[in-house]
Structure formats: structure tokens, C-alpha cells
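Heads up, the thing below is written out as C-alpha cells.
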Amino acid sequence: MTQPLIGVDLVPFSRVRELLDPGIGPLLKRYLSAEELTVSRTPDGAPDQARIAGRLAAKEAVFKLLGAVGRPVPWQGIEVLRGPGGRPGIRLSGRAAELARDAGLGPIDVSISHDAGFAIAVAASSTSVDKRRATDRPSASDHPRTPDRPSASDRPLVPDHPLSSDHPLSQQSATPKGMP
């Protein structure tokens with residue numbers, strides 16, 4: 001049995017501007033590999049803030065899949081490069097690859113978007129449930145039921161959603177008219 005995993009992160013372009021500040025020094029080289037820096041440039045050779053922010057967000061999103069809470073991010077071991085057709089692809093090495101093996105991760109897909117001064121990335125993978133360490137992810141049993149805190153199975157997944165059992169529309173069919 002496999003379990004899907006999703007990581008997401010948001011990076012403001014203002015953070016990239018800080019990293020590009022010449023007074024700070026070559027800080028960006030700690031986060032991006034030489035190859036990533038090369039593909040994160042505008043046609044005239046200047047650093048592309050949107051591409052850099054997208055890569056940083058993707059690295060954080062991938063790191064969240066690794067189940068390494070409280071450990072340093074292996075920035076150089078998570079590379080976000082151009083894949084087939086220009087789609088972003090992930091290359092893991094060193095400590096990041098080791099963490100992915102320990103977590104039992106399958107292939108990692110990533111999607112990056114930028115707009116209005118922000119970049120967002122979503123990373124997705126799957127893992128064998130039995131390969132995950134019990135301490136990596138909280139479970140429903142980590143939060144005992146109390147009278148003022150019902151168990152997760154007693155609460156709708158999305159409160160007030162039309163398909164939640166306590167919503168007035170939940171008694172209606174979820175199938176649109178004309179559909180079998």
C-alpha cells in the first residue's frame with residue numbers, strides 16, 4: 001500500500017532580492033547549484049528573480065516530502081532543473097537522496113508558478129506506508145478524543161462543505177443532472 005505525499009512552499013521575490021544583494025555576498029550559491037544558477041537567468045544574463053524564487057520554493061516543497069523535520073535542508077542535494085518539454089525536474093544527491101531512500105519515496109513531481117511577486121511550488125510523491133517512521137507524521141491516535149475535541153473521524157474533512165455529513169445539501173445527490 002502506498003501513501004501520497006505533498007509538499008508546498010511559497011517564496012516572495014523580495015527574499016530573492018535580499019539574496020542577490022551584493023553587500024550580502026555569494027549567499028545564493030549556498031542554495032542553488034551552478035547548473036541551477038545558469039538556468040535561472042534572463043536572456044540578457046541577469047538573475048531571473050521569478051525562476052530563482054520558484055526553484056527555492058520547489059526545494060522547500062521537496063524537503064517537506066523527505067520527512068526530515070528539524071534537520072537542515074540539504075540545499076545543494078535538491079536540484080530543480082529543466083526536464084523534458086521545459087517542465088521542472090528534480091535531481092537528488094548526497095544527503096537529500098539518502099533521506100528520500102529512508103522515506104521510501106517514489107519519483108518526485110514538482111509544479112512551479114509565479115505571479116504578483118511570489119513563487120509557489122508543489123511537490124508530490126508517494127511512499128510505502130510501512131517504510132515511514134511513526135514519528136515522522138502525526139496520526140489520529142496522537143490526539144486522544146476528549147469531550148471538547150472529537151476524533152478526526154467524527155469531524156467532516158471540510159466543515160460546511162456541501163458533501164460533509166452535517167451540511168444541509170449532503171442529503172442531495174452529488175451527481176449532476178444528466179449524469180448516471
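The values are calculated or read from the model by the stated rules, or taken from the named source; none is laboratory data. Worth saying up front: this structure is predicted, and the values here are computed from it rather than measured. Here the Cβ positions follow ideal geometry from the backbone for every residue, glycine too, while neighbour counts run over all protein chains shown. Quick note on the areas: whole protein, heavy atoms, side chains included, nothing else; ligands and nucleic acids left out. Shrake-Rupley method; radii C 1.70, N 1.55, O 1.52, S 1.80 Å.
Before moving on, here are some points about what is shown:
- In the range 75-89, the condition of being open to solvent by less than 60 Å² (accessible area, probe 1.4 Å), over 27 Å from residue 117 (Cβ atoms) and not charged (D, E, K, R) is met by at least one residue.
- Only one of the numbered conditions (1) over 12 Å from the mean Cα position of the chain (by Cα); (2) open to solvent by less than 10 Å² (accessible area, probe 1.4 Å) is violated by residue 116, and that is (2).
- Residue in the range 41-54 that is touching a Pro at 6+ places or on another chain (Cβ under 8 Å) and part of a helix (DSSP H, G or I) present: yes
- Restricting attention to the range 24-51, the residues that are within 22 Å of the chain's Cα centre (by Cα) and closer than 18 Å to residue 92 by Cα add up to 9.
- Residue that is farthest from residue 29 (Cα to Cα), among those in the range 76-94 that are in a helix (DSSP H, G or I) and modelled with pLDDT of 95 or more: 94
- Check on residue 102, of a type in the set (Asp, Glu), over 19 Å from residue 16 (Cβ atoms) and out of contact with any His (no Cβ under 8 Å at 6 or more places or on another chain): yes
- The residues in the range 1-38 that are open to solvent by 30 Å² or more (accessible area, probe 1.4 Å), of a type in the set (A, V, I, L, M) and either in a helix (DSSP H, G or I) or under 23 Å from residue 100 (Cβ atoms) (or both) can be counted, and the count is 7.
- Some residue of the range 95-113 being polar (S, T, N, Q) and part of a strand (DSSP E or B): yes
- Number of the condition not met by residue 12 [criteria: (1) of a type outside the set (Gly, Ala, Ser); (2) more than 21 Å from residue 115 (Cα to Cα); (3) under 16 Å from the mean Cα position of the chain (by Cα)]: (2)
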